[in-house]
1. Would you be able to say whether some residue in segment 58-71 is closer than 20 Å to Val132 by Cβ and among the hydroxyl-bearing types (Ser, Thr, Tyr)?
2. Name the residue that is farthest from the chain's Cα centre (by Cα), counting only residues in segment 181-216 that are among the charged types (D, E, K, R) and over 30 Å from Lys159 (Cα atoms).
3. Against the condition outside the structural domain of Thr175 (by TED's automatic domain parsing) and of a type in the set (Gly, Ala, Ser), how does Ser153 come out, does it pass?
4. Out of Trp120, Trp125, Trp139, Trp143, which single residue is of a type outside the set (Val, Ile, Thr), in a loop (DSSP other than H, G, I, E, B) and either in contact with a helix residue (DSSP H, G or I) (Cβ under 7 Å, 6 or more places away or on another chain) or not assigned by TED's automatic domain parsing to the domain that holds Leu25 (or both)?
5. Which is buried (at least 16 other Cβ atoms within 10 Å of the Cβ) and at pLDDT 95 or above, of Asp142, Asp134?
6. Could you tell me which of the residues Trp120, Trp139 is closer than 20 Å to Leu270 by Cα, among the aromatic types (Phe, Trp, Tyr) and out of contact with any Pro (no Cβ under 8 Å at 6 or more places or on another chain)?
7. Here are some residues: Ala71, Ala83. Which one is under 25 Å from Leu138 (Cα atoms), in contact (Cβ under 8 Å) with a residue 40 or more places away in the chain and not basic (Lys, Arg)?
8. Report every pair of residues separated by at least 6 positions or lying on different chains whose Cβ atoms are under 7 Å apart, first residue within segment 266-294 and closer than 19 Å to Leu127 by Cβ and at pLDDT 95 or above, second charged (D, E, K, R) and surrounded by 20 or more Cβ atoms within 10 Å (Cβ to Cβ).
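The values are calculated or read from the model by the stated rules, or taken from the named source; none is laboratory data. Note that the structure is predicted; figures quoted are calculated from it, not measured. Neighbour counts run over all protein chains shown; Cβ positions are idealised from the backbone, glycine included.
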Amino acid sequence: MIRILGTIFAGLLGLAFGSFLNVCLSRWPEGESVVKPRSHCRHCSHTLAWWENVPLASWLVLRGRCRGCGAWIGWRYPLVEAAVGGLWAWQAWQYMGYQSLDILVFNLRSPSTLVSLIGWVVFQWLLVALAVLDAENLWLPDWLTLPGIALGSICTVLKTRRQMELSALSRPQLTSGVLDCLFAILAAAALILLIRWVYWVVRHREGIGYGDAKLMALLAAWLGLPQALLAFAVGVVLGALAAVVLLAVPAGRRGPESWASSKLPLGTFLCVGGIVSCLWGQPIVAAYLRWGGF
Ligand SMILES: [Zn+2]
C-alpha cells in the first residue's frame with residue numbers, strides 16, 4: 001500500500017517539476033528569468049489562469065491550444081511532463097520495492113541515502129532537460145552538465161560509502177570505488193573526444209561538440225562506465241535510424257529548417273539512451289556479460 005501511495009505521490013511531484021521544466025526550457029534559451037513574469041502564452045502574452053497550468057490535464061482540456069489566441073502549444077509540454085512524472089514514479093516504485101516500511105524509514109534517516117535518492121531524481125530531470133535543449137537549440141549548457149557530473153560523482157561515492165557503513169565493503173574498496181568513478185568519467189569523455197578527432201581528420205570539420213563529451217561524462221558519473229557505454233550504443237543506433245528516416249524524405253519536401261539540412265542533435269539521442277540505461281541498464285549489461293562469457 002505504502003509503495004502504491006509513494007509511487008503516485010512521486011509521479012504527481014514529477015508532473016509538477018516537469019511543468020516547471022517546460023517554463024525553463026522555453027525561457028533559458030532566451031536568457032529570461034524562470035520566476036518572473038507568471039506563465040503566459042508566448043504568442044499573445046495571455047497570462048495563464050491557475051487551471052491552465054495543471055500538468056497534462058490543461059493541455060488535454062485545451063487540446064494543445066492557447067485559450068487567448070488559439071496558437072498551437074506544441075507536443076513538448078505534455079511529453080516533458082509525462083516523462084518526468086513517469087520517471088519519478090518509476091524511481092519511487094523501484095526504491096520502495098525491496099524494503100519494508102521499517103527498513104525504508106531506517107534508510108531514509110541516513111543523510112547519504114537521502115542525498116542519493118534526491119540526486120537520482122535530479123539526474124532524471126536533467127536528462128529530460130538536456131534532451132529537449134539539444135533537440136530544440138543544439139545546446140548542452142555547461143552550467144547543467146558540469147554540476148551534473150559533480151553531483152553524480154558525489155552520489156556514487158556516497159552510495160559506496162553507505163555500502164561500507166553497512167559493512168559490506170572495506171576501506172580500500174571505498175578508495176577503489178572513488179577511482180572507478182573518476183576513471184569512468186574520463187574514459188567516457190575520452191571516447192567522444194576520440195570520435196570527434198577521427199571525424200575531424202577524415203572530414204575536416206566538426207562532427208560532435210564538446211557538449212556531447214561532457215554529457216557522456218555525466219552519464220558515466222551516474223551510471224558507471226558499462227551502462228554509460230550502453231547509453232552511447234542506444235543513442236548512436238537511434239541517431240542512425242533518425243538519419244535514415246530523414247534521408248528517405250524526398251529532398252523537395254524538406255523545409256529549409258528541417259533537421260535533414262542541419263545537424264542531428266546527438267545529445268538528445270544520448271539522453272534517451274541514458275534513460276533507457278537508467279531503466280533497464282543493469283539487466284541488459286548483465287545479460288550481455290553472460291552472453292560474452294565474462
Ligand atoms: Zn496565446
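1. Yes, some residue in segment 58-71 is closer than 20 Å to Val132 by Cβ and among the hydroxyl-bearing types (Ser, Thr, Tyr).
2. Arg203
3. no
4. Result of the check over Trp120, Trp125, Trp139, Trp143: Trp139.
5. Asp134
6. Trp120
7. Criteria check complete, one pass: Ala83.
8. Every condition considered, the pairs that remain are Gly267/Asp134; Gly267/Asp212; Thr268/Asp134; Leu270/Asp212.
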